[in-house]
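K.L.:
Can you keep this structure in mind? I'll have questions shortly.
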Amino acid sequence: MPLVRSGRALFGAPSLLGGQAAKAGLSCASCHINGRGNPHFLLAGISAAPGTADITSSFFSAARGNANFDPATIPDLAMPGKIARAPQGRALEAFIRNLIVEEFGGSEPSAATLNALGAYVRAVEPCETEKRIARGIEDQLRAIDDGVIAAALMAERDDSAGVSVAVAGMRHELGLIAERYAGPDLARERAALLAMSRALQEIGNREDPARALSAWKAEFDRRLSDRLRRSAKRSLYDPDRLARSLR
Ligand code: HEC
């Protein structure tokens with residue numbers, strides 16, 4: 001489902017949101033992890049208890065911010081909520097559009113961007129067991145794949161702003177990978193990640209970003225994918241190492 005995968009990529013891209021949220025590196029996925037809730041979300045001035053957020057805060061948008069501090073529990077988007085999800089209706093897309101523009105001060109999203117986000121939110125489902133599992137390098141590599149799919153789809157629909165958001169989202173995901181490849185013996189992995197991120201930077205402005213991106217992705221896979229998989233045990237994707245580093 002390229003539309004759903006594109007939506008997932010945009011959902012994780014901070015530059016979809018404007019102003020303070022984007023600067024703080026917040027994306028839809030910061031609050032709705034994998035489209036679900038986030039019981040640990042805690043941001044001073046935005047949250048009351050962990051897992052809550054005031055999305056009408058003037059921190060995010062001077063235009064919309066109300067004077068009240070009224071955080072709500074971050075909802076699990078796999079569950080039915082206040083907003084109708086029927087695909088025939090466009091209530092979900094209208095809600096997401098308002099969220100981006102009015103609450104977060106982001107730029108007006110295109111129809112292609114809203115379609116992708118709506119398709120992703122509708123596709124979020126509860127899991128069979130609901131057992132929590134740690135994020136691994138494969139999940140992050142899939143997020144990079146999703147970014148390539150999103151940028152190609154946005155390019156096909158002549159949505160250059162959507163291409164930029166998708167590319168910025170990929171750079172954000174590369175940064176998240178680099179954070180986990182910590183320590184002196186993984187310096188080469190981090191340097192390669194940084195180089196691949198820099199190479200992405202100017203692709204968004206190209207005449208034909210889709211072609212440049214598939215060349216980029218081929219190089220990423222050749223230079224990095226397997227190397228990252230091989231050294232994942234030495235990175236903070238290893239649950240024991242992560243636990244030790246947080247002590
Ligand atoms: C700062 C945390 C935060 C961010 C970032 C965020 N949300 Fe939410 N979201 C919330 C909270 C809190 C609510 C509940 C608001 C309420 O009930 O008044 C909510 C509600 C929703 C709902 C309605 C669920 C229902 O009741 O049917 C949808 C859909 C949604 N968010 C999608 C998104 C999308 C798409 C993005 C990115 C454009 C996003 N959210 C970004 C915190 C966040």
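K.L.:
Of 191, 150, which residue is small (Gly, Ala, Ser) and farther than 25 Å from residue 30 by Cα?
P.N.:
Details: 150 fails: farther than 25 Å from residue 30 by Cα.
On inspection, the qualifying residue turns out to be 191.
K.L.:
To continue, here is another question. Could you tell me whether residue 163 is crowded, with 17+ Cβ neighbours inside 10 Å, under 20 Å from residue 32 (Cα atoms) and touching a helix residue (DSSP H, G or I) at 6+ places or on another chain (Cβ under 7 Å)? Give the derivation first.
P.N.:
Details: crowded, with 17+ Cβ neighbours inside 10 Å: yes; under 20 Å from residue 32 (Cα atoms): no; touching a helix residue (DSSP H, G or I) at 6+ places or on another chain (Cβ under 7 Å): yes.
So residue 163 does not fit the description; no.
K.L.:
If you go through segment 2-18 one residue at a time, do you hit one that is farther than 17 Å from residue 113 by Cα and more than 7 Å from the ligand (Cβ to nearest atom)? Talk me through it step by step, then tell me what you get.
P.N.:
The first filter runs over segment 2-18 and keeps only residues farther than 17 Å from residue 113 by Cα, leaving none.
Scanning segment 2-18, I find no residue that is farther than 17 Å from residue 113 by Cα and more than 7 Å from the ligand (Cβ to nearest atom), so the answer is no.
K.L.:
Suppose the filter is near the ligand (Cβ under 7 Å from one of its atoms), modelled with pLDDT under 90 and surrounded by 14 or more Cβ atoms within 10 Å (Cβ to Cβ); does residue 83 pass it? I'd like the intermediate steps shown before the answer.
P.N.:
Details: near the ligand (Cβ under 7 Å from one of its atoms): yes; modelled with pLDDT under 90: no; surrounded by 14 or more Cβ atoms within 10 Å (Cβ to Cβ): yes.
In short, no.
K.L.:
Any idea which residue in segment 99-120 is modelled with the lowest pLDDT, counting only those that are open to solvent by 10 Å² or more (accessible area, probe 1.4 Å), within 16 Å of the chain's Cα centre (by Cα) and more than 15 Å from residue 166 (Cβ to Cβ)?
P.N.:
Of everything passing the filter in segment 99-120, 104 is modelled with the lowest pLDDT.
K.L.:
On to the next question. Condition first: open to solvent by less than 40 Å² (accessible area, probe 1.4 Å) and over 23 Å from residue 8 (Cβ atoms). Can you find one or more residues in segment 218-231 that meet it? Before the answer, list the steps.
P.N.:
First pass over segment 218-231, keeping only residues open to solvent by less than 40 Å² (accessible area, probe 1.4 Å): 220, 224-225, 228, 231.
Now restrict to residues that are over 23 Å from residue 8 (Cβ atoms): 231.
Yes, that holds for at least one residue.
K.L.:
To continue, here is another question. When segment 29-45 is examined, which residues are found to be within 6 Å of the ligand (Cβ to nearest atom) and in contact (Cβ under 8 Å) with a residue 24 or more places away in the chain? Lay out the reasoning, then the answer.
P.N.:
Initially, segment 29-45 is screened for residues within 6 Å of the ligand (Cβ to nearest atom), giving 30-32.
Result: 31, 32.
K.L.:
Looking at (1) open to solvent by 20 Å² or more (accessible area, probe 1.4 Å); (2) in contact (Cβ under 8 Å) with a residue 24 or more places away in the chain; (3) more than 8 Å from the ligand (Cβ to nearest atom); (4) not β-branched (Val, Ile, Thr), which is the one condition that is false for residue 71?
P.N.:
(3)
K.L.:
Got a number for residues in segment 19-28 being within 9 Å of the ligand (Cβ to nearest atom), of a type outside the set (A, V, I, L, M) and assigned to a helix (DSSP H, G or I)?
P.N.:
As a first pass, look at segment 19-28 and keep what is within 9 Å of the ligand (Cβ to nearest atom): 21, 26-28.
Keeping just the survivors that are of a type outside the set (A, V, I, L, M) gives 27-28.
If we keep only those that are assigned to a helix (DSSP H, G or I) too, we end up with 28.
Going through segment 19-28 one residue at a time, the tally reaches 1.
K.L.:
Please specify each residue of segment 128-159 satisfying the condition of being touching a helix residue (DSSP H, G or I) at 6+ places or on another chain (Cβ under 8 Å), surrounded by fewer than 19 Cβ atoms within 10 Å (Cβ to Cβ) and at pLDDT below 95.
P.N.:
134, 156, 157
K.L.:
Within segment 31-40, which residues are more than 15 Å from residue 120 (Cβ to Cβ) and either in contact with a strand residue (DSSP E or B) (Cβ under 6 Å, 6 or more places away or on another chain) or open to solvent by less than 30 Å² (accessible area, probe 1.4 Å) (or both)? Give the steps one after another, and end with the answer.
P.N.:
Initially, segment 31-40 is screened for residues more than 15 Å from residue 120 (Cβ to Cβ), giving 37-40.
The answer is 37, 38.
K.L.:
Could you tell me whether residue 56 is farther than 25 Å from residue 142 by Cα, hydroxyl-bearing (Ser, Thr, Tyr), within 7 Å of the ligand (Cβ to nearest atom) and over 18 Å from the mean Cα position of the chain (by Cα)? Even if it seems obvious, please write down each step before you answer.
P.N.:
Details: farther than 25 Å from residue 142 by Cα: yes; hydroxyl-bearing (Ser, Thr, Tyr): yes; within 7 Å of the ligand (Cβ to nearest atom): no; over 18 Å from the mean Cα position of the chain (by Cα): yes.
So residue 56 fails the test.
K.L.:
If you don't mind, another one. Could we say that residue 50 is out of contact with any Asp or Glu (no Cβ under 7 Å at 6 or more places or on another chain), open to solvent by 40 Å² or more (accessible area, probe 1.4 Å), at pLDDT 95 or above and closer than 20 Å to residue 13 by Cα here? Walk me through it before giving the result.
P.N.:
Values: out of contact with any Asp or Glu (no Cβ under 7 Å at 6 or more places or on another chain): yes; open to solvent by 40 Å² or more (accessible area, probe 1.4 Å): yes; at pLDDT 95 or above: yes; closer than 20 Å to residue 13 by Cα: no.
No: the conditions fail for residue 50.
K.L.:
For segment 191-217, what are the residues that are of a type in the set (Lys, Arg), out of contact with any helix residue (DSSP H, G or I) (no Cβ under 6 Å at 6 or more places or on another chain) and surrounded by 13 or more Cβ atoms within 10 Å (Cβ to Cβ)? Before the answer, list the steps.
P.N.:
To start, the set of residues in segment 191-217 that are of a type in the set (Lys, Arg) comprises 198, 206, 211, 217.
Still in the list and also out of contact with any helix residue (DSSP H, G or I) (no Cβ under 6 Å at 6 or more places or on another chain): 198, 211.
Result: 211, single match.
The values are calculated or read from the model by the stated rules, or taken from the named source; none is laboratory data. The shown structure was predicted, so the numbers you read here are calculated from the model rather than taken from an experiment. Every residue, glycine among them, receives a Cβ derived from its backbone with ideal geometry; neighbour counts consider all protein chains shown. For accessibility, only protein heavy atoms count, side chains too; no ligands or nucleic acids. Shrake-Rupley method; radii C 1.70, N 1.55, O 1.52, S 1.80 Å.
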